[in-house]
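Where a number appears in this text, it was derived from the coordinates with a stated rule and is not lab data. Treat the numbers as computed from the prediction; the structure is a model and nothing was measured. Cβ atoms come from the backbone with ideal geometry, glycine included; neighbour counts cover every protein chain shown.
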Amino acid sequence: MGIGSRRVTYFYDGKLSMAGATCDVGSYNYGYDHCMKPFRIRMAHSIITSYGLDKKMAVIRPPRATAQDMTRFHTDDYITYLQRVSPELAEQMPTYNERFLPPMDCPPFDGVYEFCSISAGGSIAGAQRINHGDSDIVINWAGGLHHAKKGEASGFCYVNDIVLAILELLRYHQRVVYLDIDVHHGDGVEEAFYTTDRVMSVSFHQFGNFFPGTGDIKDVGVERGKYYAVNVPLREGIDDETYAF
């Protein structure tokens, strides 16, 4: 099957406000001095539409993931906190906030829960389209938040949409391979499936004095999941020639 004949679905949350201004997933703001910038999702969408690639895909606005969807992996108290938290509440309860949201990396910005529901909703819906045979390839630029843990945020990631999507895929498929080529180790996803042989996590990442500091080549999983975690730690500055060698 050639790429041109594959059914591609692209999830993007874009809408117009009553005033006609764009109000979408790219409107959320971690903080002006924070290096995580959701508006890059909007920039990617602009490039996609400029090249007319949206005409070659089914473009769908993602459904919002519910708290029940999120607690298929995350703890109830953590998701409840995300629903309630605000910058003001976090200031009033700093110790309690730090239990769930690491300072600096994961701020309690306005709309954090809605942002998570958009991100997770797209990945879950994408997995459902694969399961039902409606799509061959699914894209969700708002997803990929691979550091989030079961009961806390980590590395700019609050809800692990990848884990939720894999859990959805496992409802129809015996096994799933997860490939992570982000510069950081996919620790949250690996940790979630570290003891099972139904998910093989494969991560290529920079290693050595670099966040999150996990993903050693010796980390291979445990119990039934032994050898189902595959890590390829790479030194900073690796190039194509060195990689091939």
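Using θ = phi - 60° in the Karplus curve 6.51 cos²θ - 1.76 cosθ + 1.60, the 3J(HN,Hα) couplings for the range 65-77 round to 6, 8, 4, 5, 4, 5, 7, 5, 10, 7, 6, 4, 5 Hz; x is entered for Gly and Pro. Size of the chain: Rg and Dmax of its alpha carbons, in Å, are 18.6, 57. Per-residue 3J(HN,Hα) values for the range 91-108, derived from phi via the Karplus relation 6.51 cos²θ - 1.76 cosθ + 1.60 with θ = phi - 60°, read 5, 6, 10, x, 5, 5, 4, 5, 5, 10, 10, x, x, 6, 5, 10, x, x Hz in sequence order (x marks Gly and Pro). For the residue pairs LYS149/LYS226; LYS37/LYS226; LYS150/LYS226; LYS55/LYS150; LYS56/LYS218; LYS55/LYS149, the alpha carbons lie more than 32 Å apart in LYS37/LYS226; LYS55/LYS150; LYS56/LYS218; LYS55/LYS149. When only the Cβ of Lys, Arg, Asp and Glu is charged (+1, +1, -1, -1), the dipole of the range 16-129 relative to its Cα centre reaches about 720 debye.
Pairs of alpha-carbon atoms within less than 8 angstrom and 6+ residues apart define the contacts here; what relative contact order does the range 141-224 have, in percent?
Reported as a whole number, the value is 25 percent.
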